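The values are calculated or read from the model by the stated rules, or taken from the named source; none is laboratory data. Keep in mind that this is a model prediction, so the values were computed, not measured. Using ideal geometry, Cβ is built from the backbone for each residue, glycine included, and neighbour counts are taken over all protein chains shown. Protein only, heavy atoms only, side chains kept; ligands, DNA and RNA dropped before computing areas. Shrake-Rupley method; radii C 1.70, N 1.55, O 1.52, S 1.80 Å.
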Amino acid sequence: MKHPLAALFDGAERIEGEIASRKAAAHETSSQEIASHGGPAHGPRTVDPFLRTRRTTDAHHPERLALMVSEVVEETSSTRTFRLRRPDGGDLPPFLAGQYVAVHADGTSRPYAISSSPARLDHYDLTVRRVPGGRISNHLVDSLAPGDPLTTSGPLGTFHHNPLFHGDDLVFLAGGSGVVPAMSMMREIVDRALARRFHLLYGSRDPGDILFREELDALAADDPRIRVDHVVQDPDTAWAGPTGLLTAGLIHALAGPLDGRMVYVCGPQALYPYALDQLTGLGHPRRRIRFEANGAPADPTRQAHWPAGTDAAEEVSVTARGATFRTRRGRPLLDALEDAGIRPEAACRSGECGLCRLRVVKGSVHNAEEARLRLSDPPAGYTHSCVAYPLTDVELDV
């Protein structure tokens with residue numbers, strides 16, 4: 001039966017004809033498909049093209065990956081790298097250097113950047129630093145061991161090199177564990193012999209806090225395309241390198257004129273507004289600065305559009321899927337829903353990916369600045385629950 005709106009669209013008959021041809025193509029035969037279903041490896045069998053397409057999609061963009069920890073490396077006293085593989089030893093879905101996977105554990109999820117090279121798909125390396133009070137990071141660092149299973153999403157994220165727009169002369173400002181996506185980018189340059197220059201300016205609290213220090217120094221010494229400058233805030237007596245913060249003056253002294261180079265920034269939330277001030281103070285255009293999404297705001301009340309006089313500690317009611325519970329105004333809706341046993345799909349937890357998008361049927365919420373909403377979302381009541389805060393009693397369509 002034709003859709004009643006089909007006639008309103010140009011080319012509708014052509015598209016309907018294409019759909020019909022797909023149905024006809026379902027009668028082709030494939031012994032490989034038969035064998036994969038446990039049937040005989042000979043004789044005709046109908047092949048569903050939609051099923052075949054779904055299998056291809058799931059292989060490259062899976063919702064979930066059931067992986068196993070094959071190795072754990074202690075990077076620093078607070079940081080571990082977990083090497084993850086498929087239990088059957090097969091290759092993992094491709095990714096772009098700088099992307100992340102969401103780790104699902106303890107009824108919630110957290111995004112962690114992949115530190116390994118996208119040229120090596122037999123494993124993903126996730127480098128995780130302990131966060132004070134961190135629900136997942138502490139669990140992983142304290143408990144995860146070789147042989148343990150771990151469930152993740154497929155690779156996600158927009159924080160990666162785009163060869164069409166970013167050029168081949170790059171600067172990366174990293175703070176703390178923000179060096180992890182930079183590590184993946186540098187490893188790819190080496191593994192694929194890319195004609196790309198990469199200058200890492202890496203700020204750490206102290207020399208013992210530097211991740212991948214030996215490998216970073218070896219890369220810089222052995223590969224003329226890669227340059228690494230360490231900057232520490234609290235040096236010991238043996239430290240001979242730059243100290244303090246990544247100020248505009250230090251960035252210029254180490255990297256020279258930026259001259260329109262693409263600058264990537266990844267690190268703790270406090271680094272982002274600071275780095276933006278330093279870079280724009282050097283005259284660097286905002287369009288040539290890329291920030292990695294890095295969590296919900298620590299204090300949404302500090303954002304200019306938080307309603308004056310609204311107490312973030314006061315509780316309101318949330319109704320979703322037939323349940324009603326109380327939560328603080330200053331707590332992201334996604335966190336509150338998960339604690340109530342309602343678990344929307346989620347990945348970035350930073351307002352970017354949109355997987356946790358839901359509709360506010362009644363009441364009002366504060367949409368944080370981090371929310372990358374569609375223009376049509378606010379009028380229709382949609383929000384990204386990871387960076388949405390209930391200002392009143394709300395009813396949600398989840």
Problem - Top of Arg225, Arg22, Arg80 by mean-square fluctuation, Gaussian network on the chain, Cα under 10 Å - result: Arg22
Problem - Difference of contour (0.36 nm per residue) and Cα-Cα distance, Arg321 to Leu121 - result: 68.1 nm
Exercise for the section: With label points built 7 Å along Cα→Cβ from the Cα atoms of Ala59 and Glu345, find their separation and express it in nm. Expected result: 2.1 nm
Fill in the blank from the handout: Among Pro93, Pro297, Thr57, the residue whose Cα sits farthest towards the positive end of the charge dipole of the chain, when +1 is placed on the Cβ of each Lys and Arg and -1 on the Cβ of each Asp and Glu, is Thr57
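Specify the longest stretch of the chain that does not include any exposed loop site, a site being one of the chymotrypsin sites (Phe, Trp or Tyr not before Pro) with a non-H, G, I, E, B DSSP assignment and at most 10 other Cβ atoms within 10 Å. Before the final figure, lay out the partial values.
On the way: sites that count: Phe9, Phe165.
Of all site-free stretches, the longest is 166-398.
Can you show me the helix-derived [θ] at 222 nm for the chain, built from DSSP H runs with n ≥ 4 at -39,500 (n - 2.57) apiece and divided by the number of residues, rounded to the nearest 500.
Working: 10 runs with 92 residues, N = 398.
That comes out to -6500 deg cm²/dmol.
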Completion exercise
Labelled set [x] 38, 21, 19; [y] 68, 26, 15; [z] 38, 31, 23; semi-axes √(5λ) of the Cα gyration tensor in Å computed from this model equals the value at [z]
Handout entry: Within region 329-398, trypsin sites (Lys or Arg not before Pro) in DSSP loop having at most 14 other beta-carbon neighbours inside 10 Å
Key = Arg374
Completion exercise
Quick calc, Leu373 & Leu254: beta-carbon distance into FRET formula, R0 30 Å, rounding 0.05, result 0.20
Handout entry: Gaussian network model of the chain, Cα within-10 Å springs - most flexible of Val365, Val73, Val128
Key = Val73
Exercise for the section: Obtain the nm distance between the two label points defined at Trp239 and Arg328 by a simple spin-label model: each point lies 7 Å from its Cα along the Cα-to-C-beta direction. Expected result: 3.3 nm
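Hey, can you find the accessible area per residue of region 128-252 for me, probe 1.4 Å, expressed in square angstrom? Could the numbers behind the result be given before it?
Working: 5550 Å² over 125 residues.
Per residue, region 128-252 has 44 Å² of solvent-accessible surface.
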Problem - Hz values of 3J(HN,Hα) by residue in region 213-228 - Karplus curve (6.51, -1.76, 1.60), Gly and Pro given as x - result: 4, 5, 5, 4, 5, 5, 4, 5, 6, 9, 10, x, 7, 10, 10, 10
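Taking loop as defined by DSSP and a crowding limit of 13 other beta carbons within 10 Å, which GluC sites (Glu not before Pro) in region 62-114 fit?
Working: sites: Glu63, Glu71, Glu74, Glu75; in loops: Glu63.
Passing sites in region 62-114 are Glu63.
Only four residue types carry charge here, +1 at the Cβ of Lys and Arg and -1 at the Cβ of Asp and Glu. Report the dipole size of the chain about the Cα centre in Debye, rounded to the nearest 20. Don't jump to the answer; show the numbers that get you there.
Values: 44 positive and 51 negative charges, 182 e Å.
I would put it at about 880 debye.
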Practice task
Could I have the simple spin-label model distance between Asp277 and Thr392, label points 7 Å from Cα toward Cβ, reported in nm to one decimal?
Solution key: 3.7 nm
Completion exercise
To the nearest Å², the heavy-atom accessible area per residue of region 260-323 with 1.4 Å probe amounts to 52 Å²
Problem - Sulfur and carbon atoms: percent of accessible area, the chain [1.4 Å] - result: 51 percent
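How large is the charge dipole for region 243-341, taken about the Cα centre, if only the Cβ atoms of Lys, Arg (+1) and Asp, Glu (-1) carry charge, to the nearest 20 debye?
340 debye
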